[in-house]
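Report on one structure; see the data block that follows.
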Number of protein chains: 2
Amino acid sequence: MELPPIAQSFVLHFGEMGSRWGINRTVGQIYALLYVSPEPLCADHIVEALGISRSNVSMSLRELQGWNLVVLKHLPDDRRDFFTTPDDVWQILRTLAEERKKREIDPTMTVLREILMQHPASDAERYAQSRMGDMYGLIEQLTNWYDDVKQLDTDRLATLLALGAKVTRLLETKDRIVSFGRGRQPRKKDGDDE
Amino acid sequence: MELPPIAQSFVLHFGEMGSRWGINRTVGQIYALLYVSPEPLCADHIVEALGISRSNVSMSLRELQGWNLVVLKHLPDDRRDFFTTPDDVWQILRTLAEERKKREIDPTMTVLREILMQHPASDAERYAQSRMGDMYGLIEQLTNWYDDVKQLDTDRLATLLALGAKVTRLLETKDRIVSFGRGRQPRKKDGDDE
DNA sequence: TTGAATTTTCAGAAATTACTGAAACTTCGG
DNA sequence: CCGAAGTTTCAGTAATTTCTGAAAATTCAA
């Protein structure tokens, strides 16, 4: 692997992390390499930079394309395919979230829905169903939030993040304002958080 | 595998999903089984239910304990270890988030910090560093939000989720209220979201 | 149409990861 | 201290995943 040392440590780290969740080492390395490269790279360039076979690069790029994590570019008078990642890290985050939801959440929700439709044949099954119902409800709340928030433009999303938990304080303020004139609500004591 | 059909499909699904992110099939299955079981189970019970070897169960339970996803119980006059999952799905979510952050985010941030301290020796390195800086900044914003929000009790967290994107509308309302008397801010037109 | 440049496919080899059975270890009552 | 009940470890094997080289397919200029 012939790479500037700074890029190299990044690429190697991403290879390792890659294998810590679903994606394999090579895919992680290629993604990292594209991410830190100022120009789009062609497959042979990746082969040289990472010291892996041409066919492996081809398959890994195809996988990255399947995740929409990589952009295909063409240069004039050059038949080769060149690849980059999007410039905007927020856009990358959105893609990642969307694809992971599609692969990891949606299928689970489908399975849970199917099971929850069935008639339990015993107490054990009734209990199992109620547990699955809990899980279903939780994931539903999370994905509803996600579906709502993902539509925000980046500035507003950043604002929302910056606000964090303060939102609830804001909410409680609003409650006080709204309830003004209807009698004061008992104010919760501090320290009743978990 | 001798299991009520409802539990069985759940367990098998979790096995498959498990291998879609880092954790292996057996670990996923054991977790799912514990999750839907009304009572704590001992290792031999798991062996029978899933048809896997005793040693595999032992290693997989150890892995789940490493993730804090499983609770060890003891019954009076019984030397065996019994295992369950916590009852509260929100608690499970918190644990999962915490552990994944520890394993997937923190090490990456450490690597990024180290690389960003170095002096770039070329334009390519300068560019690579700026990209890593972008990534660092993004993850920092996300984890700051997470650190803030994870301290909320479950009710408030649920409220915050339910509110979703409406938070920003609330914020803009607050801006108008706060700026009252300081001259009206130009109101953004609808449809300027991405 | 040919053939050079490039990409893709795929069967098998290599590497990694998961699983097992047997043995070692731990704990505890008698 | 012994032995019964239970758990963990680990070396070897099985299963799975990843990677490769060779061949096939595609694309395009001449």
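Do any residues in region B:138-165 that are within 7 Å of another protein chain (Cβ to nearest Cβ) have Cβ atoms under 6 Å from those of residues that are open to solvent by 60 Å² or more (accessible area, probe 1.4 Å) and at pLDDT below 95, where the two are at least six apart or on different chains, and which pairs are they?
B:ASP153/A:ASP193; B:ASP153/A:GLU194
For region B:63-87, enumerate the residues that are open to solvent by 70 Å² or more (accessible area, probe 1.4 Å) and within 15 Å of the chain's Cα centre (by Cα).
Selection gives B:ASN68 alone.
Of everything in region B:109-118, what is part of a helix (DSSP H, G or I) and at the interface with another protein chain (Cβ under 7 Å from one of its Cβ atoms)? Give them in sequence order.
B:VAL111, B:ILE115
Give the residues of region A:119-137 that are part of a helix (DSSP H, G or I) and either open to solvent by 50 Å² or more (accessible area, probe 1.4 Å) or more than 7 Å from every other protein chain (Cβ to nearest Cβ) (or both), sorted by residue number.
The answer is A:ASP123, A:ARG126, A:TYR127, A:SER130, A:GLY133, A:ASP134, A:TYR136, A:GLY137.
B:ASN68 passes all but one of (1) away from DNA strand C (no atom under 14 Å from the Cβ); (2) of a type in the set (S, T, N, Q); (3) more than 30 Å from B:ASP148 (Cα to Cα); which number fails?
Only one criterion is unmet by B:ASN68, namely (3).
Cβ-Cβ below 9 Å, separation at least six or inter-chain, first residue in region B:100-115 and under 10 Å from B:TYR136 (Cβ atoms) and not assigned by the TED database to the domain that holds B:GLU63, second acidic (Asp, Glu) and in a helix (DSSP H, G or I): which pairs?
B:MET109/B:GLU140
So, in region B:37-90, how many residues would count as being hydroxyl-bearing (Ser, Thr, Tyr) and near DNA strand D (Cβ under 9 Å from one of its atoms)?
Counting residues in region B:37-90 that are hydroxyl-bearing (Ser, Thr, Tyr) and near DNA strand D (Cβ under 9 Å from one of its atoms) gives 3.
Taking B:ILE23 and the conditions (1) under 17 Å from the mean Cα position of the chain (by Cα); (2) modelled with pLDDT of 95 or more, which numbered condition does it fall short on, given that it satisfies the others?
Result: B:ILE23 passes all but (2).
Residues B:GLY191, B:GLY181, B:GLY164: which one is more than 25 Å from A:ASP148 (Cβ to Cβ) and modelled with pLDDT under 95?
On the way: B:GLY191 fails: more than 25 Å from A:ASP148 (Cβ to Cβ); B:GLY164 fails: more than 25 Å from A:ASP148 (Cβ to Cβ).
Unique residue meeting the criteria: B:GLY181.
Determine whether region A:37-56 contains at least one residue that is more than 11 Å from DNA strand C (Cβ to nearest atom) and under 21 Å from the mean Cα position of the chain (by Cα).
No, that holds for no residue.
So which of B:ASP88, B:ASP44, B:ASP77 ends up being at positive phi and of a type in the set (Asp, Glu)?
It is B:ASP77.
What are the residue pairs meeting all of these: first residue in region A:41-65, first residue within 14 Å of chain B (Cβ to nearest Cβ), second residue within 12 Å of DNA strand D (Cβ to nearest atom), Cβ atoms under 8 Å, and 6 or more apart or on different chains?
Once the first residue is within 14 Å of chain B (Cβ to nearest Cβ) and sits in region A:41-65, its partners that are within 12 Å of DNA strand D (Cβ to nearest atom) give A:ALA49/A:MET1; A:GLU63/A:ILE23; A:GLU63/A:VAL27.
Considering B:LEU96, B:LEU33, which residue is more than 12 Å from DNA strand D (Cβ to nearest atom), farther than 29 Å from B:ASP147 by Cβ, out of contact with any Ser or Thr (no Cβ under 7 Å at 6 or more places or on another chain) and within 14 Å of chain A (Cβ to nearest Cβ)?
One residue alone meets the criteria, B:LEU33.
Scan region B:101-108 and give yes if some residue there is open to solvent by 40 Å² or more (accessible area, probe 1.4 Å), part of a helix (DSSP H, G or I) and hydroxyl-bearing (Ser, Thr, Tyr), otherwise no.
no
Out of all the residues in region A:119-149, which are among the basic types (Lys, Arg) and either over 28 Å from the mean Cα position of the chain (by Cα) or modelled with pLDDT under 95 (or both)?
Hit for region A:119-149 is A:ARG126, nothing else.
The values are calculated or read from the model by the stated rules, or taken from the named source; none is laboratory data. Because the structure is a prediction, the values reported are computed rather than measured. All Cβ positions, glycine included, derive from the backbone under ideal geometry; neighbour counts span all protein chains shown. SASA here: full protein model, heavy atoms, side chains in, ligands and nucleic acids out. Shrake-Rupley method; radii C 1.70, N 1.55, O 1.52, S 1.80 Å.
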